[in-house]
Each structure stands twice: as structure tokens, then as C-alpha cells.
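Asker: Below: one structure in C-alpha cells.
The values are calculated or read from the model by the stated rules, or taken from the named source; none is laboratory data. None of the values given here were measured: they were computed from a predicted structure. A quick note on method: Cβ atoms are made from the backbone with ideal geometry, for glycine too, and the neighbour counts reach across all protein chains shown.
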Amino acid sequence: MSILSKILTLFRGTANEAGQAVVDKNAIRILDQELRDSTTELARSKEELTKVMAQRQLAANRGTALLSKRKEYEGYVQGALAKGDEALAREVAVKLSDVERDLQAEAGNVQQMDSSIGSLKTAIRSTETQLARLKQQINTVKATEAVQRAQSAVAARHSGANSKIGTALDSLERIKQRQEEQGARFDAAQQLEHETGDGDLQARLAGAGLVNDPSNVDGILERLRAPQQAVLVDDSQSAEKQKLLAAESLFGERK
Amino acid sequence: MGLLDKLLGRAPAPAANALAAPGALQHAMPLGLRIGARIQFDRTLYGVAPDAMTEELPAGYQGVPCYGHVDLGDGYALHRFYLDDEAFLQVSTVGGDVDGIQGFVFHETLNPPTKAAFQSFVTDNEHMGASEIDYAGHRWSRLTSAGSERVPAMVYDEVLYRHQPPRRDDDLTHYAMLYRREVPELSRQELLLVSAEDSGPNEFSITYSVGMDLNSADIDIT
């Protein structure tokens, strides 16, 4: 195979694939148009059928008229024969013969048209059924396509690097991470303050009993509710109270 | 038809602004009849019983120089095809379908001298409404209404067309009554149409037309 031939084959293949792609992409639209064309053709077939039926009726009317004419001629022939007028009888019989021939031809026409009408009716009924089935299938295909389109949209929305939910989750993760970092920084700062700042001093004063421990407040209240002497006597053994007493003496409050 | 119409499979639309010529015929004629057609009647019956009928339909191929149309309303219409030899073929239609065919021969024509005489004939003459009349040596019975009392004449307008293509040429008003009689020799009926025709301010005539019912096998149309 020559190079040129291969190139041509490639070109034809590409063109075919491109054409096929266009057809596939517009398959439902093409199917809809084909359905509309078929419906129009069906309407035309029905019109043709009604024309044939009208022609059949006209032929039947002609047949009826010929039958009437035949009966009339037969009467004339019989009357002429009864009167012995052989010539007249023969003259009318010739016409009767023509009428009978026309009658047979008309009957043949009517039978042929009856047959055609029957075939057309069957074909139209069959086409109508096929069209109804095709419409139903197209509706199903359309519905499936709509569902798949929706599924595709949902899938695209909720998956992949560009997903909004993914982005939101990332943001949340980043915020949490930032907050954790900030919390760690706060802990470090507090630790530093404990070690180097006033906080540590207060802790150490409290440890030395030189500042009020909030936990002592209740004790204070309790203490102050009772007479001071009694408390002092009763609680003489308490280390805390001993410290207090020492403090009072130190600062000269209790005179 | 444009290329686009062909591509889309559209049928060529009739010209919307195509107006009919003034006086042109606006409806189809039945049985393929037309002005200029040729009609031949089956005259076998006249040979069988030569003197049984009052009148005989004309022999040979008769031309149609004039066509008359009567709109009776509700889809009913009369189509009259006037022939070369003092006769006419009348086709009645319902919704465009043929309902009946009659052939008539003008048997007698009278010309009332005045309008008053014409009106008197229409309103008073027994030939214009009596249940039974004597005419041309026969007894005729009214066809249109049962009962023995006199009935008023049927009134209808006829429009006449001539030329090819057909063009409205004249019109007239008919005051008519239809009678019949049995013809035992031929086992059929003969018809008598009495018509008082008003076709202008001073144009009056009274015609007696004799005919019979026909069917499509009785006429040969060319």
C-alpha cells in the first residue's frame, strides 16, 4: 500500500469518525426529526387512503347505477319479446350486454380498491403502532439522558480537585490547623509568662502563703462567722491559721 | 418553492393574495361537468314505449353553454347545466356530494304581460301550489308537500354563469313547484317543474319543464 493510499485511508477514516461523532452527539435531535417526518408521511398515507375510499364509493355508486340500468334493460327486453318485437329486444340486449360488461368491470374495480383499502389500513395501523412504540422509546431515552445528565452534573460537582465541597473541606482543615497553631502559641506564651513574669511570682507567693488563695475565701467566711477567740483557740492546731496568726503579729493588726 | 422549503419538506403554499376574478365561479361543479362539456342521454326507454313520456330528452351529444347555481342553504345546492336543445341537466348536491340527477326539457314557456299578472300566477294559479293539477293531458301530483291544501311556491335565486372560464352573467328568482306522475309503461315517474322566473324589472316568464330522475348510467359525460 502506497503512502498516498494510506494517507487517503486515514483521511477517510478521520472524516467518517468526525461525521459519526456529529451524528452521535445529535442522535436524539435526529431521531425526533425522523419521528416528525414519519408522522407527516403517515398523515399523507391517511389522506391517500381517504382518496381511495372516496374513489371506491364513486365506483360503487356507478355500480349501483349500472345495476339499476341492467334491471331496466332486462325489463325492456322482456317487454319487447312479450310484444314479439325481436328487433327492439335485440337492440336493447346489445345495450344490456354493454351495461353488464361495465358492471363486471366496475365490480372488479371495487374489489381491487377494497383490497387496496384493506392493505393500506393494515399498513397504516402497523405504522401507527410502530410510531407509538418509537415515541415511547424516545421518551425513555430522553428521560434516561436527563437523569444521566443530572448524575453527571452531581458527580462533577461533588468530586475532583475543583469540587466546592473539597475546597470547603480544605479551608476548614486550614482554619483548624491555624487555630491549633495559635493555641500552641498561646500555651507557649503562657508557659513563658509563668516562668518569667508576674504570674510565676504570684504562684510562688501563693505557695508561700503570702497571697490569698481563692480557695481560702470560704475558709475566711467561715472563720469570720465564729467569735474570733474561739476560732483562734479551736483552730490553734491548723497550720494555715497559724500562719495567719503569724501574719497578724507581723503586721501588728491584732492588738 | 425555495431551497429551504425543499430541504424542510414544506409543500408550496397557495398564493395568499391571489384573488378570484370578479364574478368567477367559487365552487366546484359535480360529476366532472363544466361549461363546454358534452352530455348524451340514454334514450332507450323512448324506443321501448315511444309515447309514454310527455317529453323526450334530446338526442346526441349536447353541449353545455350555460351553468346555473342555486344555493339552497345548509349545504344543499342545485346545479343546472343548460343544453343546446332546450333542455337542462339538474344535479342536486349535499355538502358537495351528488344527491340526485334529473333531466328536464322545456315544454312550454309563457310570458305574463304585466308584473301584476306574473304575481297573480305565483299567488293564485293552481299550477303553483295545488296538490294535484292537470297539464299536457295528464294528472300530476305535487311532489314537495303532502296534504291536499295549497302550499306556497318555493322561492330561490339562481346565478347563471357563461364563458370559459365560467363568469357570472345573470341571475334570476324562481317561484317554483314540482309535480310528478307515474308512467306505468316504463315503471318510472315523470316530473313536471313549474317555474315563474323573475329576471329583471320587466322580465317575467313562466316555464313548464318535463323531465325524469336519472342516474349516472343514464348519462355519458365527455
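Asker: Return yes or no: is residue A:127 surrounded by 13 or more Cβ atoms within 10 Å (Cβ to Cβ) and either assigned to a helix (DSSP H, G or I) or not assigned by TED's automatic domain parsing to the domain that holds residue A:51 (or both)?
Answerer: yes
Asker: Within the stretch B:42-76, work out how many residues are away from every other protein chain (no Cβ under 14 Å), without any contact (Cβ under 8 Å) to a residue 40 or more places away in the chain and not charged (D, E, K, R).
Answerer: Of the residues in the stretch B:42-76, 8 are away from every other protein chain (no Cβ under 14 Å), without any contact (Cβ under 8 Å) to a residue 40 or more places away in the chain and not charged (D, E, K, R).
Asker: Do you know which residues across the stretch B:70-97 are in a loop (DSSP other than H, G, I, E, B) and over 14 Å from the mean Cα position of the chain (by Cα)? Before the answer, list the steps.
Answerer: Just the residues of the stretch B:70-97 that are in a loop (DSSP other than H, G, I, E, B), to begin with: B:74-75, B:83-86, B:95-96.
Scanning the stretch B:70-97 gives B:74, B:75, B:84, B:85, B:95, B:96.
Asker: Out of the residues in the stretch B:199-215 that are touching a Lys or Arg at 6+ places or on another chain (Cβ under 9 Å) and crowded, with 20+ Cβ neighbours inside 10 Å, state the one that is modelled with the highest pLDDT.
Answerer: B:212
Asker: Out of all the residues in the stretch B:182-222, which are part of a strand (DSSP E or B), over 30 Å from residue B:152 (Cα atoms) and of a type outside the set (D, E, K, R)?
Answerer: Applying the first criterion (part of a strand (DSSP E or B)) to the stretch B:182-222 yields B:182-183, B:188-200, B:203-214, B:219-221.
Applying the additional criterion that residues be over 30 Å from residue B:152 (Cα atoms) yields B:219-221.
Once the filter is applied, which keeps residues that are part of a strand (DSSP E or B), over 30 Å from residue B:152 (Cα atoms) and of a type outside the set (D, E, K, R), the stretch B:182-222 yields B:219, B:221.
Asker: Right, next: Looking for something assigned to a helix (DSSP H, G or I), in contact with a Gly (Cβ under 9 Å, 6 or more places away or on another chain) and over 18 Å from residue B:161 (Cα atoms) - is there at least one such residue anywhere in the stretch B:47-67?
Answerer: Within the stretch B:47-67, one or more residues are assigned to a helix (DSSP H, G or I), in contact with a Gly (Cβ under 9 Å, 6 or more places away or on another chain) and over 18 Å from residue B:161 (Cα atoms).
Asker: Exactly one of (1) within 13 Å of chain B (Cβ to nearest Cβ); (2) touching a Ser or Thr at 6+ places or on another chain (Cβ under 9 Å); (3) of a type in the set (Val, Ile, Thr) is unmet by residue A:40. Its number?
Answerer: (2)
Asker: Scan the stretch A:61-120 for residues that are part of a helix (DSSP H, G or I), exposed (fewer than 15 other Cβ atoms within 10 Å of the Cβ) and either touching a Gly at 6+ places or on another chain (Cβ under 6 Å) or small (Gly, Ala, Ser) (or both) and jot them down.
Answerer: Answer for the stretch A:61-120, where residues must be part of a helix (DSSP H, G or I), exposed (fewer than 15 other Cβ atoms within 10 Å of the Cβ) and either touching a Gly at 6+ places or on another chain (Cβ under 6 Å) or small (Gly, Ala, Ser) (or both): A:82, A:87, A:97, A:105, A:108, A:115, A:118, A:119.
Residue-by-condition table, conditions (1) modelled with pLDDT of 70 or more; (2) farther than 30 Å from residue A:35 by Cα; (3) in contact with a Ser or Thr (Cβ under 6 Å, 6 or more places away or on another chain):
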{"site": "A:138", "(1), (2), (3)": "yes, no, no"}
{"site": "A:143", "(1), (2), (3)": "yes, no, no"}
{"site": "A:149", "(1), (2), (3)": "yes, no, no"}
{"site": "A:184", "(1), (2), (3)": "yes, yes, no"}
{"site": "A:200", "(1), (2), (3)": "no, yes, no"}
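Asker: Can you tell which of A:49, A:67 is in contact (Cβ under 8 Å) with a residue 24 or more places away in the chain, over 17 Å from residue A:116 (Cα atoms), hydrophobic (A, V, I, L, M, F, W, C) and touching a Leu at 6+ places or on another chain (Cβ under 8 Å)?
Answerer: Answer to the check: A:67.
Asker: For the stretch A:109-145, name all the residues that are polar (S, T, N, Q), over 12 Å from residue A:56 (Cβ atoms) and over 28 Å from the mean Cα position of the chain (by Cα).
Answerer: A:119, A:122, A:126, A:127
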